[in-house]
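Asker: Next up is a structure, given as structure tokens.
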Amino acid sequence: MVNIKRDSIKMQIVNNFNGKKSNQQYPVERRLESFLHLLIDIKMIKNITVIGAGTMGNGIVQVFASHGYAVTICDILETNLETALQTIANNLERRVKKDIITEAVKQNALKNIITTTQLAKALKDADIVVEAITENVGAKQKLFQQLDIHCKPSCILTSNTSSISITKLGGFTNRPAQVIGMHFMNPVPVMSLVEIISGLLTDVKVKNTIIELVHALEKTPVEANDYPGFVANRILMPMINEAIHTLNDGVAEIQAIDQIMKLGMAHPMGPLELADFIGLDVCLSIMQVLHLDMGEAKYAPCPLLVKMVDAKLLGVKTKQGFYQYIDGSKDKKPSNLFAK
């Protein structure tokens, strides 16, 4: 496992403290000692369990395994686990070919991964659990209750939820102080950002530990408060929803909407293409959480989005959403459903 150089971290903290005039009356070492007291030593974190072998889950597993952690990935279906392992192997091979990582790093990462369909077995030795299942409160409630039962008392329970209250998830356990949001971005191996969301009762030691852990993964932790959608999806999802309204109202065609946002706003992907990439079911779930929790009409999911999900046209994962996707190719074309 890759260990953080704590002397380097201490020096950064000292420098930060020295730059704050309001703290000059306190000796730096005393303030540094106080900070480190609020930190669980991440050198003690060795075993990571990720629940859910979907797109986000396998990406999270890849990142932890590539940084030397022993990772157990758990899913209810063996086929999902097989697909996840193959996806991870393919992604790592692409990174080798691009000289991003070495063959040795790839092989070591794959050796660090264990798969299982048995939840209790997956949780037995976990120091950190990352929940990455469907964006559904009921499903998460059942899982967090099981995590509380099977995990050791010191285990930190994190959620990759993109919209659901961390305080609510903590309330499903008897350890709300050890529940925190760790929202990775898709694709996980590529995107630097991790949103860190503390619940009302999350212990500051837990928050500081997760922040340090994210740094150990060579990613950038940014804190957000525990409000529906946090920051990323409170801004992103209404934009995607409005793009779907724009299509539904006949303002412009699919490619025109995406091209305008890419060329005019410098977005790397248009909102409809991005919705397909995320998964229309995921987009709908997040909009439903925003609408329910915020209670404002502007967060109501577009009827067209609801229809697409009802028809199981979910985007890339089903080969059809706003675009149609060809197996084994990056080519896509607008769905025939929207042809004039």
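No lab work stands behind these numbers, since they all come straight from the coordinates. Since the model is a prediction, treat every value here as computed from it, not as a measurement. Here the Cβ positions follow ideal geometry from the backbone for every residue, glycine too, while neighbour counts run over all protein chains shown.
Asker: Quote to one decimal, in nm, the extra length available between A104 and A89 on full extension: 0.36 nm per residue of separation minus the C-alpha distance between them.
Answerer: Values: separation 15, 0.36 × 15 = 5.40 nm, distance 1.29 nm.
Full extension of this stretch gives 4.1 nm more.
Asker: A further question follows. For the range 290-340, what ratio Rg/Rh do Cα atoms give with a Kirkwood hydrodynamic radius? Walk me through the numbers before you get to the answer.
Answerer: Values: Rg = 14.0 Å, Rh = 12.5 Å.
Ratio value, two decimals: 1.12.
Asker: Further, regarding this structure: Mind computing the radius of gyration and Dmax over the alpha-carbon atoms of the range 128-250? Å is fine for both.
Answerer: Rg then Dmax for the range 128-250, in Å: 15.3, 55.
Asker: So what's the angle, to the nearest 10 degrees on a 0 to 90 scale, between helix 280-294 and the longest Cα principal axis of the chain?
Answerer: Value to nearest ten degrees: 70.
Asker: With both partners inside the chain, how many of the DSSP beta bridges are antiparallel, as a percent to the nearest 5? Provide the component values of the computation, followed by the final result.
Answerer: On the way: 10 of 35 bridges.
If I count the DSSP bridges inside the chain, around 30 percent turn out antiparallel.
Asker: Taking only the alpha-carbon atoms of the range 28-224, what semi-axes of the equivalent ellipsoid follow from 5 times the gyration tensor eigenvalues under a square root, in whole Å, largest first?
Answerer: Details: eigenvalues 130, 90, 44 Å².
Rounded to whole Å, the semi-axes are 26, 21, 15.
Asker: Treat each spin label as a single point 7 Å out from the Cα along the C-beta direction, and report the K121 to T79 distance in nm.
Answerer: Spacing of the two 7 Å Cα→Cβ label points: 2.0 nm.
Asker: Taking just the C-alpha trace of the chain, give me its Rg and Dmax in Å.
Answerer: When restricted to Cα atoms, the chain yields Rg and Dmax of 21.3, 71 Å.
Asker: Can you tell me the orientation of helix 28-37 relative to the chain, as the angle in degrees between its alpha-carbon axis and the longest Cα principal axis, to the nearest 10?
Answerer: Tilt of helix 28-37: around 60 degrees.
Asker: Nearest 500 deg cm²/dmol is fine: what mean residue ellipticity at 222 nm does the chain get from its DSSP H runs of n ≥ 4 alone, each adding -39,500 (n - 2.57), divided by its residue count? Numbers along the way, then the final one.
Answerer: Working: 14 runs with 162 residues, N = 340.
Result for the chain, helices only: -14500 deg cm²/dmol.
Asker: Are there cysteines in the chain with no other Cys C-beta under 4.7 Å, and if so, which?
Answerer: When partners are defined as cysteine Cβ atoms under 4.7 Å apart, the chain leaves C74, C283, C302 without one.
Asker: Sticking with this structure for a sec: What do the square roots of 5 times the Cα gyration tensor eigenvalues come to for the range 196-284, in whole Å, largest first, as semi-axes of the equivalent ellipsoid? Write out the running numbers ahead of the final one.
Answerer: Working: eigenvalues 228, 44, 19 Å².
After diagonalising the Cα gyration tensor, the semi-axes are 34, 15, 10 Å.
Asker: Measure nothing but the geometry: give the 0 to 90° angle between the long axis through the Cα atoms of 78-97 and the longest principal axis through the Cα atoms of the chain, rounded to 10°.
Answerer: Here the helix axis deviates by roughly 80 degrees.
Asker: Further question on the same structure: Report the residue, chosen from S285, S162, S154, that carries the largest GNM mean-square fluctuation when the chain is represented by alpha-carbon nodes joined by springs under 10 Å.
Answerer: Checking each option, the largest mean-square fluctuation is seen for S154.
Asker: Starting from the alpha-carbon convex hull of the range 233-338, give the projected area averaged over all orientations, in nm².
Answerer: Numbers: hull surface 25.8 nm².
Projected area, direction-averaged: 6.5 nm².
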